[in-house]
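Colleague: Handing you this structure, nothing more for now.
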C-alpha cells in the first residue's frame, strides 16, 4: 500500500498544474487516479507495482519526470511498466498511434492492464466531456484507434476488456 500511496502523491505533484482537455478541464491527476480505480475495482488488479505504474503512467510523457527518477523512487519494475506505456511526444501523433498498436501485443502483463485501463478511462472521458475543439469525427477516430490498440491487448484481463467493450459501444 505504501508504494501505491507514494505513487499517488508523486503523480499529484508532477501533474499539479495540468488540466484534462475535456470541456470541464478537470485536474489532470484525476486521470491516473481513475486508472488505478478501474484496475482495482473493475479489473480486480491487486499488484501494487501495476497500480503504482497506473498512477505514474503519464509522468514521463507529460511532465519533466525521467526514467531514472522513477527507478530511484519506485524501483526498476514500476519504471519499466511506465516506460512500456509511454509515448514519445516528439513523434507525430499518427506515428505514436501506430507504435501503440504494434507494441501492445508484446507488452508485459502489467503494462497491458495499465494500457487497457487508460483506454477505458479515455473513452469514458470523451463520452462525458469531449474537448471543445474536437469534432464528432475526431472522437470517433479516437474510439476506433483505441479499439485497435485494445485488440492487441486482449487476453490481459477479460474483466477490463469487457469494460472497454461497454465504453466502446457508446461511440458517438
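Readers should treat all values here as calculations from the given coordinates under stated rules, not as data from a laboratory. For clarity, every value in this text was computed on a predicted model and none was experimentally measured. Positions of Cβ are backbone-derived with ideal geometry, glycine not excepted, and every protein chain shown enters the neighbour counts.
Colleague: Could the peptides 10-16, 165-171 be put in order, highest first, of the mean number of other beta-carbon atoms found within 10 Å of their residues?
Modeller: Working: 10-16: 18.6, 165-171: 14.1.
Descending mean neighbour count gives 10-16, 165-171.
Colleague: Another question about this same structure. Can you compute the modelled spin-label distance between residue 105 and residue 26, with each label point 7 Å from Cα toward Cβ, in nm?
Modeller: Here the modelled spin labels are 3.3 nm apart.
Colleague: Among 102, 44, 90, which one moves the most in a GNM of the chain with springs linking Cα atoms closer than 10 Å?
Modeller: 90
Colleague: Output the Kirkwood hydrodynamic radius of segment 88-172, Cα pairs only, in Å rounded to one decimal. Please list the in-between numbers first.
Modeller: Working: mean 1/r = 0.0759 Å⁻¹.
Kirkwood hydrodynamic radius for segment 88-172: 13.2 Å.
Colleague: If the viscosity is 0.692 mPa s and the temperature 37 °C, what Stokes-Einstein diffusion coefficient in µm²/s follows for segment 1-100 when Rh is the Kirkwood radius over Cα pairs?
Modeller: Values: Rh = 13.9 Å.
The Stokes-Einstein estimate is 236 µm²/s.
Colleague: Related question: Which residue fluctuates the most in the chain, going by a Gaussian network model with Cα springs under 10 Å, if the choices are 74, 143, 41?
Modeller: With Cα springs under 10 Å in the chain, the top fluctuation among 74, 143, 41 is at 41.
Colleague: How many nm is it between the label spots at residue 93 and residue 46, if each spot is 7 Å from the Cα in line with the beta carbon?
Modeller: My value for the distance between the label points is 4.0 nm.
Colleague: While we're on this one: Distance between the C-alpha centers of segment 2-58 and segment 98-170? Whole Å please.
Modeller: Each part reduced to its Cα centre gives a spacing of 16 Å.
Colleague: Report the convex hull volume per residue for the chain, counting only C-alpha atoms, in Å³. Present the calculation step by step, with values, prior to reporting the outcome.
Modeller: Details: hull volume 18.3 nm³, N = 172.
So the per-residue Cα hull volume is 106 Å³.
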